[in-house]
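J.: Have a look at this one.
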Amino acid sequence: MAQDRHRDRRLAMVRRQIEGRGVRDPQVLEAMRTVPRHRFVSRTLAGDAYKDHPLPIGAGQTISQPYIVALMAEAAAIEPHHRVLEVGTGSGYGAAVLAQLGSSVVTVERHRKLADAAARVLAELGYANATVVCADGSQGHPPGAPYDAVVVTAASSSIPSALIDQLADGGRLVIPVGPPSFTQNLTLVRRTGEETTSERFCPVRFVPLVEDS
Ligand code: SAH
């Protein structure tokens, strides 16, 4: 999968934008070197796929900046046997990175067109361990719970308690928390038994987590 004409750009992206900013987890770095990000954007934007910023993917949504994808994956501390929930599939790129790291990924997207397109690319690339669900994921996806990691890629004004309920003991939730039209704080919530701790670790800007229900 790694042998494509974008490979050199992808490796440079990981070196400069991701390792260069302090992401150290070897599995995360390897996943970022492996997943062909250019396949998750339109053909006309493929040449920009390894640049240091988000890109439009249709339906008014964006594929996140590569560094932020890596930072969230590192914070989620995913191990090979872990079951992962992503809320906000968008292009499917983040799901592919998570699928490189864990044993299975359920990713939820409310836009049918985006969900279908992401499912198609993920299947073409052979990510049989990633399942796209078209639904409102603001309250998680209870059928697949508990999850060892939950990664939310849309901004929420508060931490939905349903997402904590769906975390396994020892599980981690990574979510941008703050007002949708301003800067949010990437927040890491760790669950131990019924206890949770949370810490903010990076200012970010995400599209809003929309509640349909
Ligand atoms: N992880 C994505 C980036 C996602 S952008 C990638 O790698 O490309 C955030 C996505 O969250 C958008 O596609 C948006 O439609 C979706 N979203 C917003 N609210 C949602 C909700 N309640 N349930 C599911 N998806 C939602």
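J.: Mind checking whether some residue in the stretch 146-160 is open to solvent by 40 Å² or more (accessible area, probe 1.4 Å) and in contact with a Phe, Trp or Tyr (Cβ under 9 Å, 6 or more places away or on another chain)?
T.: Scanning the stretch 146-160, I find no residue that is open to solvent by 40 Å² or more (accessible area, probe 1.4 Å) and in contact with a Phe, Trp or Tyr (Cβ under 9 Å, 6 or more places away or on another chain), so the answer is no.
J.: Here is a follow-up. Search the stretch 101-121 for residues that are over 9 Å from Val84 (Cα atoms) and pair each with any residue that is more than 11 Å from the ligand (Cβ to nearest atom) and open to solvent by 40 Å² or more (accessible area, probe 1.4 Å) when their beta-carbon atoms are under 7 Å apart and the residues are at least 6 apart or on different chains.
T.: From residues that are over 9 Å from Val84 (Cα atoms), the pairs are Leu101/Gln27; Val121/Arg39.
J.: Of everything in the stretch 61-80, what is under 17 Å from Tyr127 (Cβ atoms) and away from the ligand (no atom under 13 Å from the Cβ)? Give them in sequence order.
T.: Correct list: Ile78, Pro80.
J.: Hey, can you tell me all the residues within the stretch 155-182 that are within 16 Å of Ala76 (Cβ to Cβ) and not in a strand (DSSP E or B)?
T.: Ile159, Leu163, Ile164, Gln166
J.: Follow-up question, since we're still on this one. Which one of these does Thr89 not meet: (1) near the ligand (Cβ under 10 Å from one of its atoms); (2) surrounded by fewer than 24 Cβ atoms within 10 Å (Cβ to Cβ)?
T.: With respect to (1) near the ligand (Cβ under 10 Å from one of its atoms); (2) surrounded by fewer than 24 Cβ atoms within 10 Å (Cβ to Cβ), Thr89 is out only on (2).
J.: Any chance you could count how many residues in the stretch 26-39 are open to solvent by 40 Å² or more (accessible area, probe 1.4 Å) and touching a residue at least 12 places away in the same chain (Cβ under 8 Å)? Write out each step before concluding.
T.: Looking only at the stretch 26-39, we keep the residues that are open to solvent by 40 Å² or more (accessible area, probe 1.4 Å), and these are 26-27, 30, 33, 39.
Those left that are additionally touching a residue at least 12 places away in the same chain (Cβ under 8 Å): 27, 30, 33, 39.
Total satisfying the criteria: 4.
J.: Sticking with this structure for a sec: Could you say whether any residue in the stretch 16-36 is farther than 15 Å from Leu122 by Cα and at pLDDT below 95?
T.: No, the stretch 16-36 has no match at all.
J.: Of everything in the stretch 183-213 that's of a type in the set (S, T, N, Q) and free of Cβ contacts under 8 Å to residues at least 24 places away in the same chain, which residue is nearest to Ala73 (Cα to Cα)? Reasoning before the result, please.
T.: Step one: list which residues in the stretch 183-213 are of a type in the set (S, T, N, Q), which gives 183-185, 187, 192, 196-198, 213.
In the following step, the residues that additionally are free of Cβ contacts under 8 Å to residues at least 24 places away in the same chain were identified as 183, 185, 192, 197.
On the way: Thr183: 20, Asn185: 15, Thr192: 20, Thr197: 18 Å.
This residue is Asn185.
J.: Do we have any residue at all in the stretch 84-100 that's touching a Leu at 6+ places or on another chain (Cβ under 8 Å), assigned to a helix (DSSP H, G or I) and under 22 Å from Pro56 (Cα atoms)?
T.: Yes, the stretch 84-100 contains a residue that is touching a Leu at 6+ places or on another chain (Cβ under 8 Å), assigned to a helix (DSSP H, G or I) and under 22 Å from Pro56 (Cα atoms).
J.: Could you check how many residues of the stretch 24-55 are within 16 Å of the ligand (Cβ to nearest atom) and under 18 Å from Ala73 (Cα atoms)? Full working, then the answer.
T.: Going residue by residue through the stretch 24-55, those that are within 16 Å of the ligand (Cβ to nearest atom) are 28, 31-32, 34-42, 45-46, 48-55.
In the following step, the residues that additionally are under 18 Å from Ala73 (Cα atoms) were identified as 28, 31-32, 34-37, 40, 50, 52-54.
Residues meeting the conditions: 12.
J.: Contact list please: Cβ distance under 6 Å, first residue in the stretch 40-67 and in a loop (DSSP other than H, G, I, E, B), second residue of a type in the set (Lys, Arg), pairs at least six apart or on different chains.
T.: From the stretch 40-67, the pairs are Ala49/Arg37; Tyr50/Arg9; Tyr50/Arg10.
J.: Return the residues of the stretch 183-202 that are more than 19 Å from Ala162 (Cβ to Cβ) and part of a loop (DSSP other than H, G, I, E, B); say none if nothing qualifies.
T.: Matches in the stretch 183-202: Thr183 only.
J.: Let me ask another. So, in the stretch 93-126, of the ones that are among the hydroxyl-bearing types (Ser, Thr, Tyr) and crowded, with 22+ Cβ neighbours inside 10 Å, which residue ends up nearest to the ligand (Cβ to nearest atom)?
T.: Just the residues of the stretch 93-126 that are among the hydroxyl-bearing types (Ser, Thr, Tyr), to begin with: 93, 103-104, 107.
Of the ones still in play, those that are also crowded, with 22+ Cβ neighbours inside 10 Å are 93, 107.
Details: Tyr93: 4, Thr107: 8 Å.
Only one residue fits best here, namely Tyr93.
J.: Here is a check on your reading of the model: is Ile63 within 18 Å of Leu209 (Cα to Cα) and open to solvent by less than 30 Å² (accessible area, probe 1.4 Å)?
T.: Values: within 18 Å of Leu209 (Cα to Cα): yes; open to solvent by less than 30 Å² (accessible area, probe 1.4 Å): yes.
Yes, satisfied.
The values are calculated or read from the model by the stated rules, or taken from the named source; none is laboratory data. Please read these numbers as outputs of a predicted model, since none were measured by experiment. For neighbour counting, all protein chains shown are included, and Cβ atoms are generated from backbone atoms with ideal geometry for every residue, glycine included. For the accessible areas, the whole protein counts, side chains as well, though only heavy atoms, and no ligand, DNA or RNA atoms are used. Shrake-Rupley method; radii C 1.70, N 1.55, O 1.52, S 1.80 Å.
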